[in-house]
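Below: the structure, in structure tokens.
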Amino acid sequence: MALRSLIQLRGLLEGLPAGSINIAPTDIQNNTPPSFTLQDTMASGDNTILVPAKAYGCIIIFDPTSTTVKKIKGVAGDTGIVLAKTKWNVLTFDTTPPASFIINSSALDTGKLTTVIFF
């Protein structure tokens, strides 16, 4: 069987003033995905994540018991966006993915593994 990735997002928001909303955007399918997963402990400060050339995106999963604040940012001195420290996060890339991105951690995430799965 050939390597392929298929990422699906499904959701439901209930109890809204207008009723419920189903979330079901178009699936992301990559027929030539990289076979690459990273698993490491986040160091204090900037952690550079190298992106494989054929990646359409990635899923970032932090250890559910982690307490450090983590931000996704570029290489410039921008402030970044704080990520959910105990939930999964999904990034999708443009047609040509970036060479890398940075996860900045407020402290060493001792004994906690961060997993990045590229698709």
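Regarding segment 99-113, can at least one residue be identified that is free of Cβ contacts under 8 Å to residues at least 60 places away in the same chain, assigned to a loop (DSSP other than H, G, I, E, B) and within 28 Å of Q29 (Cα to Cα)? Yes, that holds for at least one residue.
Name the one entry in I59, I21 that is assigned to a strand (DSSP E or B), touching a residue at least 24 places away in the same chain (Cβ under 8 Å) and among the hydrophobic types (A, V, I, L, M, F, W, C). Give the steps one after another, and end with the answer.
On the way: I21 fails: touching a residue at least 24 places away in the same chain (Cβ under 8 Å).
I59 is the lone residue from the list that is assigned to a strand (DSSP E or B), touching a residue at least 24 places away in the same chain (Cβ under 8 Å) and among the hydrophobic types (A, V, I, L, M, F, W, C).
The C-beta contact set for segment 84-97 (first residue outside any loop (DSSP other than H, G, I, E, B), second residue of a type in the set (G, A, S), distance under 8 angstrom, 6+ apart or interchain) comprises V90/G57; L91/G57; T92/G57.
Pairing residues of segment 25-46 that are touching a residue at least 24 places away in the same chain (Cβ under 8 Å) with residues that are β-branched (V, I, T), at Cβ distances under 6 Å and at least 6 apart in sequence or on separate chains, gives I28/I7; T37/I117; L38/V116; Q39/T115; M42/T114; D46/I102.
Does I23 meet the test of being of a type in the set (V, I, T) and surrounded by 10 or more Cβ atoms within 10 Å (Cβ to Cβ)?
Working: of a type in the set (V, I, T): yes; surrounded by 10 or more Cβ atoms within 10 Å (Cβ to Cβ): no.
Judged against the criteria, I23 is not a match.
Within segment 4-29, being closer than 21 Å to I60 by Cβ and among the hydrophobic types (A, V, I, L, M, F, W, C) holds for L6, I7, L9, I23, I28.
Read-outs throughout are calculated quantities, based only on the coordinates presented, and are distinct from any laboratory measurement. Here the structure is a predicted model, which means the values were calculated and not measured. Counting neighbours? That spans all protein chains shown, and the Cβs are built from the backbone with ideal geometry, glycine included.
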